[in-house]
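Data first, discussion second: the structure below is written as structure tokens.
The values are calculated or read from the model by the stated rules, or taken from the named source; none is laboratory data. Fair warning: this is a prediction, and the values are worked out from it, not measured in the lab. Ideal geometry is used to build each Cβ from the backbone, glycine not excepted, and the neighbour counts take in all protein chains shown. Please note that ligands, DNA and RNA were not included when accessible areas were found on the heavy atoms of the full protein model with its side chains. Shrake-Rupley method; radii C 1.70, N 1.55, O 1.52, S 1.80 Å.
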Amino acid sequence: MAWEAVFTLGLLVVVLGSLVLTRVSADLILMGSLVTLVITGVLTPASALSGFANPGVITIATLYVVAAGLKETGAVQWIARRLLGHPKTSAGAQARLVAPTGILSAFMNNTAVVAMFIPAVQDWAQRLNISASKLLLPLSYAAILGGTCTLIGTSTNLVVDGLLQSRLDIHLGLFELAWVGVPLLIVGGVFLVLFANRLLPDRGGLNEELEQVREYGVEVEVVSPGPLVGRTVAEAGLRALNYGYLTEIDRQGRLITAVEPDRTLQAGDRLYFVGAPECASELRRIQGLKPANGSVHKLDLANHQRCLVEVVLGPEFAALGQTVRDSRFRSRFNAAILSISREGKRVPGKLGDIQFKMGDTLLLEASQEFAQQYRFRRDFLLVSALNDSTPPDFSRAPTALGILLVMVAVSASGLLSILEAAFLAAGAMIMSGCITASRARRSVDLPVLVVIASSFALGTAMSETGAANWVAGSLLSFGTLTPWVALALVYLLTATFTEVITNNAAAVLMFPIALAVSEQLGVSFLPFAVAVMFAASASFITPLGYQTNLMVYGPGRYQFTDYMRIGIPLSLIVGATAVLLIPFVWSF
């Protein structure tokens, strides 16, 4: 081997070791490897930076905007509440969860699907009296399996497709992977329905201890006409919020203090919740509710410009000693007070009659610029915006879903490539008002894109220096291997990589090795490329290999061994199914 090949293999070992053993972020490690390859002369700058112009990477960046448009409009929450239903058994709950999650993940970023499903599933689990730990990990696994069904279902598929386009001029169709992906979703889904309840622990949910946080009272009103009218409190998802609880209902002046789960909601009901500041954010994401405080609707702010902000009143606040009504707070600050907390406890009584005192903590609905604008004003000792508290614009949810369906239809029909369809869909999301241009910019996950694009440099170095051929030769040196056995080895090695490093990096690093294996065997490369796609996505054994696994780790109160207990048999079943089916669809 030339020194470039030895150097590349050594750098690969260093990169893998750093990803597994250190806490340095993956984008810094892989960008460092790119710089090293350029400075040492192993790659030219053009070759090293080619990943940043790869069609797959650009498609992933564009689809972030499409997914953000679906999130901003509450489209996925809207679908989730209609599909989850009210199953009677744990197995029924697993089936109701796996099917919609898998289908949605086939057409939009599975990370976004899991992020939006987590609070819905936590609430759903409590209503069904099932531990959230029984459902959240199957949620992640179903999203992973669903993502393998289409080319846009997961970024890994787009990355490998981009490599196929740039290296071999091969273009995969939107639904071409479904011949293997759908059987994997069915087989994996059946396994989860039958065994997840037995293999996963019962640890309950991760609920906030409300007495240890600032406590607020939040009042909302049932909108008429709306989806909550005629539904019970439990069916509406109001019985088991993560950050608050329903204390009473004001129905046309009559106070209902003992609110039963089967109490039917009526138009105009005013619901009073007690909880942490995030409770207000939760309630704003439920379609059919609006703030009962009339001043909220008088704010001169569009829906997408709003967020929740906490402020602590300082000694120089001009309205100390005045009531909320007399202070003209909304006119002065263009912000509406939702609730007031004093010494960590909610202040009882009508909001308008409460007198301000120094040190009071106010929960406000205000503009997204409020925190920066008033952070250094002497009126407030502290100004803090709540993350992700902009209320969804449910009125635009049908528009967002329509844009997604058109994108899928035009790309599936072959009228446009996936990249072109994604470009148009992202533009349509912005033009239709489903998402603003500023939020579209912020929705693009730059560290993930840097990880993917910079890992291309290492993959290119593996190919150009001959290191990939050496690794492939080493794999084939154990004896005469049939293409099927070689395919299984490539799948196994990719699946091992993806459990300890990022799934996209595993796919990029294994691509040149799989290509070299197919060339040395003298068979078609396409089955090996598809095996890399599926294996890089099939991360079930550790919480580190796939982002959705890590997202449910805390909310489900899981331990590392929980992933191994259910993930090892699931990986074996999925791997065996994939290796058996791939050669029948893409022959050697």
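Among 341-352, 484-495, how do they line up from the highest to the lowest mean number of other beta-carbon atoms within 10 Å?
Top to bottom by mean Cβ count within 10 Å: 484-495, 341-352.
Per the 1.4 Å probe, what fraction of the accessible area of region 4-83, in percent, lies on carbon and sulfur atoms?
In region 4-83, the share of accessible area belonging to carbon and sulfur is 71 percent.
For region 312-393, run through the chymotrypsin sites (Phe, Trp or Tyr not before Pro) and keep only the ones in DSSP coil with at most 15 other Cβ atoms within 10 Å of their Cβ.
Those satisfying the criteria are F376.
Taking θ = phi - 60°, what integer Hz values does the Karplus form 6.51 cos²θ - 1.76 cosθ + 1.60 yield along region 431-437, in sequence order, with x for Gly and Pro?
Residue by residue, region 431-437 yields 5, 7, x, 5, 8, 7, 4 Hz.
From the Cα gyration tensor of region 223-282, with a ≥ b ≥ c the square roots of its eigenvalues, which class applies: rounded if a/c is under 1.5, or else prolate if a/b is larger than b/c, or else oblate?
Since a/c reaches 1.5 and a/b is larger than b/c, the shape of region 223-282 is classed as prolate.
Taking the Cβ of A457 as the centre, find all other residues whose Cβ is under 15 Å away and add up their charges (Lys, Arg: +1; Asp, Glu: -1).
The answer is -2.
Can you pull the one-decimal nm distance between simple spin-label points at Q520 and R441, each 7 Å off the Cα toward Cβ?
4.9
Any idea of the accessible area per residue across region 315-440, 1.4 Å probe, to the nearest Å²?
I get 52 Å² per residue for region 315-440.
How high is the relative contact order of the chain? Use alpha-carbon pairs under 8 Å, at least six apart in sequence, and give a whole percent.
Worked out over the chain, it gives 20 percent.
Can you tell me the length gained on complete extension of the stretch T264 to I39, counting 0.36 nm per residue apart and subtracting the Cα distance?
74.1 nm
Which percent of the accessible area of region 486-588 is formed by carbon and sulfur heavy atoms (probe 1.4 angstrom)?
71
Between E316 and T482, with labels modelled 7 Å along Cα→Cβ, what's the label distance in nm to one decimal, could you check?
Roughly 8.2 nm, to one decimal.
Please list, ordered by chain and number, the residues whose modelled amide H lies under 5 Å from the amide H of L338; skip anything fewer than 5 residues away on the same chain.
L363, L364, E365
Over the Cα atoms, compute the radius of gyration (one decimal) and Dmax (the largest Cα-Cα distance, rounded to a whole number) for the chain, in Å.
Answer for the chain, Rg first and Dmax second: 26.4, 87 Å.
Please give the FRET efficiency for R198 paired with S384, using the beta carbon to beta carbon distance and R0 = 41 Å, rounded to the nearest 0.05.
0.40
So if R0 is 60 Å, what FRET efficiency would V406 and K350 give, r being the distance between their Cβ atoms, rounded to the nearest 0.05?
My answer for the efficiency is 0.80.
How much FRET efficiency would the formula 1/(1 + (r/R0)^6) give for I103 and W3, where r is the Cβ-Cβ distance and R0 is 35 Å, rounded to 0.05?
After rounding to 0.05, the efficiency reads 0.10.
For a protection proxy built on the mean count of beta-carbon atoms within 10 angstrom, sort 281-287, 533-539, 268-274 highest first, please.
533-539, 281-287, 268-274
Whose amide H sits under 5 Å from the amide H of R346, counting only residues 5 or more places off or on another chain, with H placed in the peptide plane?
E215
Find the accessible area per residue for region 1-153; the probe is 1.4 Å, ligands and nucleic acids are left out, and the unit is Å².
Value for region 1-153: 35 Å² per residue.
Any chance you could list P(r) for region 495-547, counting all Cα-Cα pairs in 10 angstrom bins from zero, rounded to whole %?
Going out from 0 Å in 10 Å bins, region 495-547 shows 30, 46, 21, 3 percent.
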